[in-house]
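Enquirer: Before I ask anything, let me first share the structure, which is written out below as structure tokens.
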Amino acid sequence: GIVTDTKIKSSADAKQKLNMKIIATFPYLRNSSLLTPSEDRESKQIELYRILARPLRLKYPKQGATFLVTSTRKGEGKSTFAINLATVFGRQDEHVLIIDSQIRSTHTPSPFHAYCMEESLANHPDGLGEYLSYKVASCEEIINQTVIPGVDIILRNEAAIIPDLLQSARMSELMLELKQLYSIIIIEGAAVDECVDSEILTNYSDTILFITACDKLKPPVIQRTLKRLKNTNIPPEGIILTKVRSIYSE
């Protein structure tokens with residue numbers, strides 16, 4: 001018989017199969033290095049992030065507005081999305097903090113490592129895990145300055161810690177403190193299919209920005225993730241579709 005590919009291909013497809021608003025669509029780019037900003041050039045898709053950033057800020061205008069960025073699985077574009085959104089907000093005179101909260105991931109360095117200033121990394125070698133397990137005293141010790149104007153980053157480090165610390169009193173206190181210091185916080189959460197961490201992090205967030213890559217997963221898998229996120233105290237803002245092939249661009 002004919003094998004039909006039911007994976008998400010376009011925003012019309014996603015809307016129909018996932019029954020949720022699509023708030024941004026990012027086309028597939030063969031050279032993925034052009035998707036992220038660097039010191040000397042901006043991301044090829046930066047304008048699309050500007051378009052998204054405006055209504056988001058209008059909807060969440062308060063000091064310390066916190067956006068949780070997550071996806072069903074790894075490799076759907078969470079880190080790329082987080083750094084670009086932070087770049088746009090940073091240029092709009094916001095004081096932005098990215099938190100890499102994936103404290104279980106110890107095999108690979110944080111994708112945000114490359115944006116931190118060398119001097120800052122030397123002075124602040126510790127990350128979120130070290131702070132939560134009381135290896136460092138103050139939040140200033142884990143905040144890194146970056147090469148991107150207006151953007152600071154809290155990294156995750158090699159030492160894995162128990163994820164239960166994400167729902168500790170220390171994490172709550174940290175988030176309260178950071179919301180006073182920053183006008184916008186972007187938390188990159190772990191993939192939902194792997195663990196409960198992103199669901200815990202909704203406790204500190206104003207909304208969920210849910211990333212779905214085209215041609216990666218079948219709708220029932222994504223629906224299962226969305227169902228879990230809808231059961232948290234904040235509903236997902238909508239779906240951000242990444243890696244949309246030009247043939248399916250509307």
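Residue-by-condition table, conditions (1) under 24 Å from residue 176 (Cα atoms); (2) among the hydrophobic types (A, V, I, L, M, F, W, C):
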{"position": "82", "(1), (2)": "yes, yes"}
{"position": "85", "(1), (2)": "yes, yes"}
{"position": "97", "(1), (2)": "yes, yes"}
{"position": "101", "(1), (2)": "yes, no"}
{"position": "109", "(1), (2)": "no, no"}
{"position": "113", "(1), (2)": "no, no"}
{"position": "130", "(1), (2)": "yes, no"}
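Enquirer: Can you pull out every residue in segment 194-225 that is touching a Phe, Trp or Tyr at 6+ places or on another chain (Cβ under 7 Å) and aliphatic (A, V, I, L, M)?
Expert: 209, 211
Enquirer: Quick check on segment 1-54: of everything there that is among the small types (Gly, Ala, Ser), at pLDDT below 90 and assigned to a loop (DSSP other than H, G, I, E, B), which residue is least open to solvent (accessible area, probe 1.4 Å)?
Expert: 10
Enquirer: Now a separate question. Kindly evaluate residue 247 against the criterion of being under 20 Å from residue 5 (Cβ atoms), assigned to a helix (DSSP H, G or I) and within 19 Å of the chain's Cα centre (by Cα).
Expert: no
Enquirer: Is it the case that residue 31 is on the phi > 0 side of the Ramachandran plot and out of contact with any Cys (no Cβ under 8 Å at 6 or more places or on another chain)?
Expert: Against the criterion (on the phi > 0 side of the Ramachandran plot and out of contact with any Cys (no Cβ under 8 Å at 6 or more places or on another chain)), residue 31 does not qualify.
Enquirer: Among the helices (runs of 4 or more DSSP H) confined wholly to segment 66-138, which include 2 or more residues that are within 14 Å of the chain's Cα centre (by Cα)?
Expert: Once the helices (runs of 4 or more DSSP H) in segment 66-138 are filtered for at least 2 residues that are within 14 Å of the chain's Cα centre (by Cα), what remains is 78-91.
Enquirer: Now a separate question. With the structure loaded, tell me whether residue 142 is of a type in the set (Val, Ile, Thr), at pLDDT 95 or above and over 16 Å from residue 70 (Cα atoms) or whether it fails that test.
Expert: Criteria met by residue 142.
Enquirer: If only one of 94, 39 is in contact with a strand residue (DSSP E or B) (Cβ under 7 Å, 6 or more places away or on another chain), more than 23 Å from residue 220 (Cα to Cα) and among the charged types (D, E, K, R), which one is it?
Expert: Checking each option against the conditions leaves just 94.
Enquirer: Here is a check on your reading of the model: is residue 165 in contact with a helix residue (DSSP H, G or I) (Cβ under 8 Å, 6 or more places away or on another chain) and under 22 Å from residue 238 (Cα atoms)?
Expert: Criteria not met by residue 165.
Enquirer: May I ask you to list pairs of residues, at least six apart or on different chains, whose Cβ atoms are under 7 Å apart, with the first in segment 77-92 being open to solvent by 10 Å² or more (accessible area, probe 1.4 Å) and the second being in a helix (DSSP H, G or I)?
Expert: 80/35
Enquirer: When segment 132-188 is examined, which residues are found to be of a type in the set (Lys, Arg) and open to solvent by less than 30 Å² (accessible area, probe 1.4 Å)?
Expert: Selection gives 156, 170.
Enquirer: In segment 97-118, what residues are touching a residue at least 24 places away in the same chain (Cβ under 8 Å) and either over 24 Å from residue 192 (Cβ atoms) or open to solvent by 10 Å² or more (accessible area, probe 1.4 Å) (or both)?
Expert: Hits for segment 97-118 are 102, 104, 105, 106, 109, 111, 113, 115, 116, 117.
Enquirer: Can you tell which of 217, 209 is closer than 17 Å to residue 76 by Cα, under 16 Å from the mean Cα position of the chain (by Cα), in contact (Cβ under 8 Å) with a residue 24 or more places away in the chain and open to solvent by less than 30 Å² (accessible area, probe 1.4 Å)?
Expert: 209
The values are calculated or read from the model by the stated rules, or taken from the named source; none is laboratory data. In this text the structure is predicted, and so the values were computed from the model without any measurement. Note that each Cβ is placed from the backbone with ideal geometry, even for glycine, and that neighbours are counted across all protein chains shown. Calculation scope for accessible area: heavy atoms of the full protein, side chains included, ligands and nucleic acids excluded. Shrake-Rupley method; radii C 1.70, N 1.55, O 1.52, S 1.80 Å.
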